[in-house]
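Q: A single structure is presented below for examination.
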Amino acid sequence: MLVRKVSLGRLGRSRWFRRLVVAGGLGTVLTVATVAAANLWVDRAAAGHVYSIADVPDAPVALVLGAQVDPPGEPSAFLAARLDIARQLYEAGKVKAILVSGDHAEWKYDEPGAMLVWLVARGVPADRIVMDHAGFDTYDSCSRASKIFGVRQAIVVSQSFHVPRAVALCRAMGIDATGVGDDTARVFKPMWARGEVREWAAAVKAGWDAATGRDPIFLGPHETGVEAAIAKG
């Protein structure tokens with residue numbers, strides 16, 4: 001009898017183990033399928049809409065997505081590279097205004113403010129730059145550009161590994177978006193590699209946000225800053 005109980009106990013544990021393995025395998029397959037589907041959506045949505053600085057079609061505004069600002073308010077190398085693309089687009093007459101969108105959740109940390117200072121110091125008129133202080137992620141930046149600032153056509157600027165997702169999200173928000181990506185920051189190999197890997201998972205969140213059409217963290221009344229900046233051009 002004791003032997004039988006021991007055998008049954010082992011059999012039960014074996015069954016649970018097999019079920020656990022099967023469940024883990026199914027979970028892995030589902031995760032891989034979800035990530036692959038999300039990245040396929042990003043690729044298809046952005047296909048044909050990403051250009052070089054020289055070839056990108058003109059648009060009223062460049063949307064520059066925020067990134068890390070280092071003390072004491074200096075744009076990181078990645079952010080400075082994005083800003084330099086926006087400067088070149090403005091100087092080439094490709095855009096009439098620049099919307100800088102980033103994180104300003106804390107008073108002491110101000111991505112849009114640092115972006116404005118950088119651009120003005122390099123010759124872009126302050127009255128052609130508009131700040132969005134609640135661009136906490138790519139979706140929020142695109143959603144607010146559409147819902148708050150009334151942007152209908154834009155060139156989105158970021159690193160090249162990020163631009164397809166940004167273009168896909170902005171187009172999902174009703175913006176006729178094209179994109180220009182920076183490749184100069186590839187020299188920072190570890191950070192660049194982390195960014196590329198992160199995009200695989202970020203695409204899943206982007207697909208969910210686009211599908212649900214969630215509101216950005218902060219909404220508000222229509223702001224006319226972009227319209228005024230474009231009118232000056």
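Q: Residue under question is residue 133, and the condition is that it be open to solvent by less than 30 Å² (accessible area, probe 1.4 Å) and under 19 Å from residue 103 (Cβ atoms); does it hold? Walk me through it before giving the result.
A: Values: open to solvent by less than 30 Å² (accessible area, probe 1.4 Å): no; under 19 Å from residue 103 (Cβ atoms): yes.
No, not satisfied.
Q: Quick check on segment 200-233: of everything there that is of a type outside the set (Gly, Ala, Ser), open to solvent by less than 70 Å² (accessible area, probe 1.4 Å) and in a loop (DSSP other than H, G, I, E, B), which residue is farthest from residue 151 (Cα to Cα)?
A: For segment 200-233, the residue satisfying everything is 214.
Q: Might you let me know whether segment 177-193 holds any residue that is in a helix (DSSP H, G or I), aromatic (Phe, Trp, Tyr) and surrounded by 13 or more Cβ atoms within 10 Å (Cβ to Cβ)?
A: The first filter runs over segment 177-193 and keeps only residues in a helix (DSSP H, G or I), leaving 184-187, 189-193.
When the remaining residues are screened for being aromatic (Phe, Trp, Tyr), the result is 192.
This time we only want the ones that are surrounded by 13 or more Cβ atoms within 10 Å (Cβ to Cβ), so: 192.
Yes, some residue in segment 177-193 is in a helix (DSSP H, G or I), aromatic (Phe, Trp, Tyr) and surrounded by 13 or more Cβ atoms within 10 Å (Cβ to Cβ).
Q: If I go through segment 93-128 residue by residue, how many of them are touching a Gly at 6+ places or on another chain (Cβ under 9 Å) and of a type in the set (A, V, I, L, M, F, W, C)?
A: Total satisfying the criteria: 7.
Q: Give the residue, chosen from 158, 141, that is assigned to a strand (DSSP E or B) and within 19 Å of residue 85 (Cα to Cα).
A: Details: 141 fails: assigned to a strand (DSSP E or B).
Result of the check over 158, 141: 158.
Q: Let me ask something additional. All but one of (1) surrounded by fewer than 19 Cβ atoms within 10 Å (Cβ to Cβ); (2) touching a residue at least 12 places away in the same chain (Cβ under 8 Å) hold for residue 197; state the number of the condition that does not hold.
A: With (1) surrounded by fewer than 19 Cβ atoms within 10 Å (Cβ to Cβ); (2) touching a residue at least 12 places away in the same chain (Cβ under 8 Å) applied to residue 197, the lone miss is (2).
Q: Can you tell me how many residues in segment 36-63 are of a type in the set (A, V, I, L, M, F, W, C), assigned to a loop (DSSP other than H, G, I, E, B), open to solvent by 30 Å² or more (accessible area, probe 1.4 Å) and within 25 Å of residue 112 (Cβ to Cβ)? Can you show your working first?
A: Within segment 36-63, the subset of a type in the set (A, V, I, L, M, F, W, C) is 36-38, 40-42, 45-47, 50, 53-54, 56, 59, 61-63.
Remaining after also requiring assigned to a loop (DSSP other than H, G, I, E, B): 47, 53-54, 56, 59.
Remaining after also requiring open to solvent by 30 Å² or more (accessible area, probe 1.4 Å): 47, 53-54.
Next, from what is left, pick out any that are within 25 Å of residue 112 (Cβ to Cβ): 53.
Within segment 36-63, residues that are of a type in the set (A, V, I, L, M, F, W, C), assigned to a loop (DSSP other than H, G, I, E, B), open to solvent by 30 Å² or more (accessible area, probe 1.4 Å) and within 25 Å of residue 112 (Cβ to Cβ) number 1.
Q: Quick one: in segment 144-155, which of the residues that are part of a strand (DSSP E or B) and of a type outside the set (Val, Ile, Thr) is surrounded by the most Cβ atoms within 10 Å (Cβ to Cβ)?
A: Kept after step one, since they are part of a strand (DSSP E or B), are these residues of segment 144-155: 153-155.
If we keep only those that are of a type outside the set (Val, Ile, Thr) too, we end up with 153-154.
Details: 153: 15, 154: 26.
That would be 154.
Q: Give the residue that is farthest from residue 123 (Cα to Cα), with candidates limited to residues of segment 59-113 that are hydroxyl-bearing (Ser, Thr, Tyr) and in contact (Cβ under 8 Å) with a residue 12 or more places away in the chain. Give the steps one after another, and end with the answer.
A: Pass one, segment 59-113, residues hydroxyl-bearing (Ser, Thr, Tyr): 76, 90, 101, 109.
Subset that is in contact (Cβ under 8 Å) with a residue 12 or more places away in the chain: 90, 101, 109.
Numbers: 90: 10, 101: 19, 109: 24 Å.
Here the answer is 109.
The values are calculated or read from the model by the stated rules, or taken from the named source; none is laboratory data. Only a predicted model underlies this, so the values are computations on that prediction, with no experimental measurement involved. FYI the Cβ positions are ideal-geometry reconstructions off the backbone, even for glycines, and counts take in every protein chain you see. We work out accessible area using only protein heavy atoms, side chains counted, and drop any ligands, DNA or RNA first. Shrake-Rupley method; radii C 1.70, N 1.55, O 1.52, S 1.80 Å.
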